[in-house]
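Engineer: Next up is a structure, given as structure tokens.
Values quoted throughout were computed directly from the atomic coordinates according to the rules given, and no laboratory measurement underlies them. On a predicted model such as this, the values are computed, not experimentally measured, just so you know. Quick reminder, even Gly has a Cβ in these numbers, built from the backbone with ideal geometry, and neighbours come from all protein chains shown.
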Amino acid sequence: FAIGPAFAHFPPDIAGQGRMLRAEEIEGEIDRFRTAVGAVQARMDHALAQDSLSAGDRGIVAALRDIAADDSLAGEAEGLIKGGNDAVSAVITAASTIAAEFSAVDDHYLNARADDVHALGRQICLVLLGQDDVSLENIPEGAILIADDIGAWDLARAPLKR
């Protein structure tokens, strides 16, 4: 039993643009993708530099930062862009492919990394789309959080002591 204001956390789904690139657009789209990855990594570096992060949250952000720096997601996405996919569609497909590989392994740790890959892919897509994510940082004191799913990045930044 809990009493408090409800805080609904239902980030909208991100859909691929489904646009096929012309050959002359591919290099620019790869650059745009790389810039977005760099922006997400910079956000994570900024979060890691904050003294307010707990050790557990710092571990979550560091793990996401490691995934962002790994060539698997970038290589998969860049391959799709070279094949003519727009960057948002490429990131969604690449993240789904890599997450499925993690999910297929009979290991709870690797299964959790599948969620991390989706969370990272979402952050890259938001940068590509020029959008901000719905944030838990503004949850009011004493609020009751209502959500279908909370990604690792969201959870690490949430002020859970409120």
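Engineer: How many angstrom lie between the Cα centre of the range 98-162 and the Cα centre of the range 1-72?
Structural biologist: 9
Engineer: Quick one: dipole size for the range 73-162, taken about the Cα centre, charges +1 on Lys/Arg Cβ and -1 on Asp/Glu Cβ, in debye to the nearest 20.
Structural biologist: For the range 73-162, the charge dipole is close to 200 debye.
Engineer: What are the trypsin sites (Lys or Arg not before Pro) within the range 7-43 that DSSP puts in a loop, where the Cβ has at most 14 other Cβ atoms within 10 Å?
Structural biologist: Sites meeting the loop and neighbour criteria: 19, 22.
Engineer: Top mean-square fluctuation among 152, 63, 77, Gaussian network model of the chain, C-alpha springs under 10 Å?
Structural biologist: 63
Engineer: Follow-up question, since we're still on this one. Taking the Cα centre of the chain as origin, sum charge times position over the Cβ atoms of Lys and Arg (+1) and Asp and Glu (-1), and report the length of that vector in debye to the nearest 20.
Structural biologist: Charge dipole, the chain, about its Cα centre: 340 debye, nearest 20.
Engineer: How far, in degrees from 0 to 90, does helix 71-82 lean away from the longest principal axis of the Cα atoms of the chain, to the nearest 10?
Structural biologist: 50
Engineer: Report, in degrees rounded to the nearest 10, the 0 to 90 angle that the Cα long axis of helix 108-129 makes with the longest principal axis of the chain.
Structural biologist: That helix lies at roughly 70 degrees to the long axis.
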